[in-house]
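The values are calculated or read from the model by the stated rules, or taken from the named source; none is laboratory data. Given the structure is predicted, the values throughout are model-derived calculations rather than measurements. Counting neighbours? That spans all protein chains shown, and the Cβs are built from the backbone with ideal geometry, glycine included.
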Amino acid sequence: MSTAPQLRPAETCDIDALASLKLRTFRATFIEGFKIPYPAADLAVFEHDSYAPVSVAAELANHAKQTWVVERDGVLLAYAQCGPCKLPHVDVDSRSGELYQIYVDADAQGLGLGRKLLDQSLGWLRATYPGPQWLGVWSGNLKAQVMYQANGFEKVGEYEFPVGTWRDHEFIFRRD
C-alpha cells in the first residue's frame, strides 16, 4: 500500500532525483507532447545547463529561490520553483516574484498535485515578494494559460526564451 503524496521543500538529498524529474517532465511536455523540433545541439546544451545535477544543486543553494517537491514512497512526482522575477518586462522590479516552473510527472497527473504546488508557490511569493507575481508560459501551451488565467494571471507581454540558439515564443503573465 502506498502512502499519500507529501509536499515538502526540496533538500540537497533530492538533487539527483529532482534533476531526473526536471529533465523527464521537460522532455514529456515539450518534446513528446508539443513536439517542438529543437535542434539536437541546442537541446543538449539547454538540458545540461538546466537539468544537470550541478545546476539543480546551484538552484537549491540559492536562498532567493524556493523549490518544493511532492514525494510518495521515496519517489519524486512533481515540483515547483519560485524566486525573484527575471522576466524582461518594464514593470518588473525588486519586489516582483516569479513562478519559474511547475511540473507533474505523467504518472501522477490528476492527483491534484499541480494545484497543491501552485497554492504553495503563490503563498510563498506573496510572503516573500510583495509586488506582482509573474510567470512565463510557452505561447503554444493553451491549457496552462487557461489555468493561470483562472488563477488571476493576465497576459501582459511576450518574449523569446532561449533553448540554445533556438527561441521559444513565450507569454509573460502577471497577477497583482
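Per-structure values
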{"quantity": "So D107, is it among the acidic types (D, E) and at pLDDT 95 or above", "calculated": "no"}
{"quantity": "Filter pass, L117 being under 26 Å from G157 (Cβ atoms), part of a helix (DSSP H, G or I) and touching a residue at least 40 places away in the same chain (Cβ under 8 Å)", "calculated": "yes"}
{"quantity": "Qualifying residue in the range 136-152 (condition: part of a strand (DSSP E or B), surrounded by fewer than 17 Cβ atoms within 10 Å (Cβ to Cβ) and out of contact with any Gly (no Cβ under 9 Å at 6 or more places or on another chain))", "calculated": "no"}
{"quantity": "Condition broken by G83, with the remaining ones in (1) modelled with pLDDT of 95 or more; (2) farther than 17 Å from T25 by Cβ; (3) more than 13 Å from the chain's Cα centre (by Cα) satisfied", "calculated": "(3)"}
{"quantity": "Residue pairs meeting the criteria (Cβ under 9 Å; at least 6 apart or on separate chains; first touching a residue at least 24 places away in the same chain (Cβ under 8 Å) and farther than 17 Å from Q133 by Cβ, in the range 66-85; second among the hydroxyl-bearing types (S, T, Y) and part of a strand (DSSP E or B))", "calculated": "V69/Y79; V70/Y79; A78/Y103; Y79/T67; Y79/Y103"}
{"quantity": "Only one of E59, E71, E98 that is in contact with a Gly (Cβ under 8 Å, 6 or more places away or on another chain), among the acidic types (D, E) and at pLDDT 95 or above", "calculated": "E98"}
{"quantity": "Selection count where residues are of a type in the set (S, T, N, Q), exposed (fewer than 11 other Cβ atoms within 10 Å of the Cβ) and either modelled with pLDDT of 95 or more or out of contact with any strand residue (DSSP E or B) (no Cβ under 7 Å at 6 or more places or on another chain) (or both), scope the range 1-16", "calculated": "1"}
